[in-house]
Amino acid sequence: MDSTVDELSASYKEFVTAALAVMEAREQSGGQKTAATDLALESFKQRWELFRVACDHAEELVESIRQRIGSECLVDEATGSSSSAPASAALAAPGIKPISAVRLEQMSKAVRWLVIELQHGAGGPSATGATGGGGGVANSAAGAGGQHGQGGLDPRFPEDGTQ
C-alpha cells in the first residue's frame, strides 16, 4: 500500500511540475506556439496519463481492500467470531455453530437463487402454498438456511456432514 501511495504522490508532483512548465513556456513565448511550448505540452500530456494510471492503481487497491474487509466482516458476523472481540464473545450464543466462509458463500448463493425463482414465479408448490403465499416464502427461506427438520443439514451441500 505504501508503494501505491508513493507512486501516486510522485506522479502527482510530476504532473504539477509539467503543468508549471507549460505555463512558463507560454509566458516566455508571449503566448505564441513554439517548439518549447509544444515540448512542454507533450510532456504535460504524458504526465497526465501517468497520473491517471497511478490514480487507477490506487482506486483498484482501495476497492480490493474494501471488498476484503466487507467479506471478513460478513464472515465474522455469520460465524460469531471477531478479531476485535475476545474469544469468549464467540461463545456467547450457545447452540449456534460457526460456519465456514465457503458454506456461507454457498448459503448466500442458495438464497439468491430462491429469490430469483420466487420473482419469476418458479418457486414450486411452496411459493403458492395453502397459507396464501406468505408461508411459502418462509418455507423457502428456511430451506435455504438448512433443513431444520434434518438436523440443520441441507442435502444440496454435502460438506455439511463434514463440519
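Brief remarks on what is shown
- Modelled FRET efficiency - R0 25 Å, Met1 with Gln46, Cβ distances, 0.05 increments: 0.45
- Extension gain from Glu63 to Val111, taking 0.36 nm per residue of separation minus the Cα-Cα distance: 14.7 nm
- Linear extension gain, Ser29 paired with Val16, 0.36 nm per residue minus alpha-carbon span: 2.7 nm
- The gain in end-to-end length when the His120 to Leu74 segment is fully stretched comes to 13.8 nm, 0.36 nm per residue minus the alpha carbon separation.
Every read-out reported here was derived from the displayed coordinates using simple, explicitly stated rules and does not represent laboratory data. Treat the numbers as computed from the prediction; the structure is a model and nothing was measured. Quick reminder, even Gly has a Cβ in these numbers, built from the backbone with ideal geometry, and neighbours come from all protein chains shown.
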